[in-house]
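One structure below.
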Amino acid sequence: MRLIILQLVRLFYPRIEVRGLDRLPTGQPMLMVANHPNGLLDALVLMIGLRQHVAFLAKSTFFANPVGRVLMAAFGALPVYRPRDEGLAGGAQGDRSSRNEATFARCRELLQRNHPLALFPEGTTHSHTTMLPLRTGAARIALSAEAETGWAIDLRVVPVGLWYQDKARFRSAALVVVGRPFTIDDLAALYASDPHGAADRLTERIDMYLDEVVLQAENAELLKGLPLVAAWTAPHEPQTLEEQHARTAALLAAYQRLRATDPARLAALEQQARRYARVLRTFGITDPWDLELSAVRRGRLFGLGLLLLALLAPALAGFVLSYATYRLAAPLTPVLLGKFEETTSTGKLIIGTVLVVLGWVIAALIAGWLVSGWWGLALLIAAPALAYAALRWGEFWREFREALGYTWLTLRHRALVRELVARRTALAEQVGRAVQAAQN
């Protein structure tokens, strides 16, 4: 069950990269603390990126039905009972403190047995552009786990930042950023005399370390726009999410310094970037780097055309089998789970999977009734491969169409392409000088 679910997450986010994997401690108890932008998928993306099973806490309402209990059990998730869930199915119903203490005791046991544990100290998933104030639960679990063993387990707290290119979009990408691990044994004396004070102190430290790995901005426009500017103005074409994240962090730091020291220069850069973005949108260009790689794209057109022809028949079959039920997941998710961006991906994953599989079963039953039971069984077995062929065909078609469009633009409007490339280069130089000035 766990393997199947993780493969479905890989299907949703086929590109999950990790920055700082070598920072993970080996042979020592490890408590990971992370930001929480994308609901239940955060923990699963973390496991895929770090390539290891990690226990985590999940709100108790996930355990309220048989399907949820099976899913949570598959990953060894532990229930946490929140005040806001009182009265709901799966809520504590009056004994929240005792139930949470049982969960925290289990967390301490896992850490003492050297089993990795991941916690989200914001306490809830959200789509804000900055982190919420941290709860002290993670700090209390870490401190009490050490105190129970006489501060002998040498626990490492590892800050982790999760960053999604577009968390609500199917077939998007995600990055896991591992920060600097730190120990907590320097808080032993304070914990012995003032447990609450020690928890507050450790929570402040966790917050400080998370600031190093989580991209935060004062508004959504800035947080969405800076990664684009970072990609356009990089010294070379960004190839990895790690490079994009690192450059975005550098631009964000420079933005904050320039806003305080040279607001006029910052305003001029913002205006130039917005104008360039408007020009790109006018001509349907999503990435100006593609204008400089037109020869490569022209060479890829032939290969993409062959792939499209080869996959056409199975893709059509997969389209007929799966497209209608796949498309139903998008409108049903906000109806069933609410219009919250942070639950959209989880909802699409679960609801879409159920609907698509149900569609396969119905199609197999119809084929078995019209032709024979063996045909129905064969169709059910082949359905996943056919659906994947349809998915890949659609992605190849989009790439082929974009490559064709860029090639046509390059061949028919050379002067325009040269102007756009020159403007990108000029913007990159100005941004580079501004970042250097902000760092000095």
Practice task
Tell me which residues, restricted to the stretch 171-189, are crowded, with 17+ Cβ neighbours inside 10 Å and more than 22 Å from GLN256 (Cα to Cα).
Solution key: ALA173, ALA174, LEU175, VAL176, VAL178, PRO181, ILE184, LEU187
Practice task
Test GLU109 against the criterion of being in a helix (DSSP H, G or I) and either over 26 Å from GLU148 (Cβ atoms) or open to solvent by 60 Å² or more (accessible area, probe 1.4 Å) (or both), and give yes or no.
Solution key: yes
Completion exercise
Going through (1) of a type in the set (D, E, K, R); (2) within 30 Å of THR183 (Cα to Cα); (3) touching a residue at least 60 places away in the same chain (Cβ under 8 Å); (4) open to solvent by 80 Å² or more (accessible area, probe 1.4 Å) one by one, GLU212 fails only at (3)
Handout entry: Output for the stretch 43-77, where each listed residue is among the aliphatic types (A, V, I, L, M), modelled with pLDDT of 85 or more and over 18 Å from THR103 (Cα atoms)
Key = LEU44, VAL45, LEU46, MET47, ILE48, LEU50
Completion exercise
Listed by first then second residue, the pairs whose first member lies in the stretch 403-431 and is more than 17 Å from PRO235 (Cβ to Cβ), whose partner is assigned to a helix (DSSP H, G or I) and of a type in the set (Asp, Glu), with beta carbons under 9 Å and at least 6 positions apart or on separate chains, are ALA403/ASP290; TYR406/ASP290; VAL417/GLU292
Exercise for the section: Report, by residue number, each residue of the stretch 301-335 that is open to solvent by 70 Å² or more (accessible area, probe 1.4 Å) and in contact with a helix residue (DSSP H, G or I) (Cβ under 6 Å, 6 or more places away or on another chain). Expected result: PHE319, TYR326, LEU328
Problem - Scope the stretch 61-94; condition touching a residue at least 24 places away in the same chain (Cβ under 8 Å), hydrophobic (A, V, I, L, M, F, W, C) and open to solvent by less than 30 Å² (accessible area, probe 1.4 Å); matching residues - result: ALA74, PHE75, ALA77, LEU78, ALA92
Fill in the blank from the handout: Scanning the stretch 30-60 residue by residue, the ones that are assigned to a strand (DSSP E or B) and either of a type in the set (Ser, Thr, Tyr) or surrounded by 24 or more Cβ atoms within 10 Å (Cβ to Cβ) (or both) total 4
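The values are calculated or read from the model by the stated rules, or taken from the named source; none is laboratory data. Quick caveat, the model's predicted, so the values are computed rather than measured. Glycine gets a Cβ as well: all are built from the backbone with ideal geometry, and neighbour counts include every protein chain shown. In case anyone asks, the SASA skips ligands and DNA or RNA and just uses the protein heavy atoms, side chains included. Shrake-Rupley method; radii C 1.70, N 1.55, O 1.52, S 1.80 Å.
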